[in-house]
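> Take a look at the following structure, please.
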Amino acid sequence: MLFANPVRVSADSVETIFLAEFDMAFDDTRAARIHRKEEEANEKSNLAKRFPVGLDVFVTDSGNPFASF
């Protein structure tokens, strides 16, 4: 078994990694996405964020009753 020699890491790099971990940057849970403000706490707010008023939406399914609008 081979062991690598330790590598020096600058204090700035350690602090950057620590702050990213503290800010849940490496976490992909729903709680972390809400913390990072990538997702809202409820579904209605999520939809409002994804589809703001005035956004053009195109229906591509020809069988859909809204396809001609």
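> Residues to consider are Phe3, Phe26, Phe69, Phe58; find the one that is assigned to a loop (DSSP other than H, G, I, E, B), loosely packed, with under 10 Cβ neighbours inside 10 Å and touching a helix residue (DSSP H, G or I) at 6+ places or on another chain (Cβ under 7 Å). Break it down stepwise before answering.
On the way: Phe3 fails: touching a helix residue (DSSP H, G or I) at 6+ places or on another chain (Cβ under 7 Å); Phe69 fails: touching a helix residue (DSSP H, G or I) at 6+ places or on another chain (Cβ under 7 Å); Phe58 fails: touching a helix residue (DSSP H, G or I) at 6+ places or on another chain (Cβ under 7 Å).
One residue alone meets the criteria, Phe26.
> Oh, and also: Taking the stretch 32-55 as the region of interest, how many residues are over 11 Å from the mean Cα position of the chain (by Cα) and in a helix (DSSP H, G or I)?
8
> What's the total number of residues in the stretch 42-55 that are aliphatic (A, V, I, L, M) and either in contact with a strand residue (DSSP E or B) (Cβ under 8 Å, 6 or more places away or on another chain) or exposed (fewer than 10 other Cβ atoms within 10 Å of the Cβ) (or both)?
Qualifying residue count for the region: 2.
Read the figures in this text as sums done on the coordinates, not as results from a lab. Predicted, not measured: the structure shown is a model, and the values here were computed from it. For neighbour counting, all protein chains shown are included, and Cβ atoms are generated from backbone atoms with ideal geometry for every residue, glycine included.
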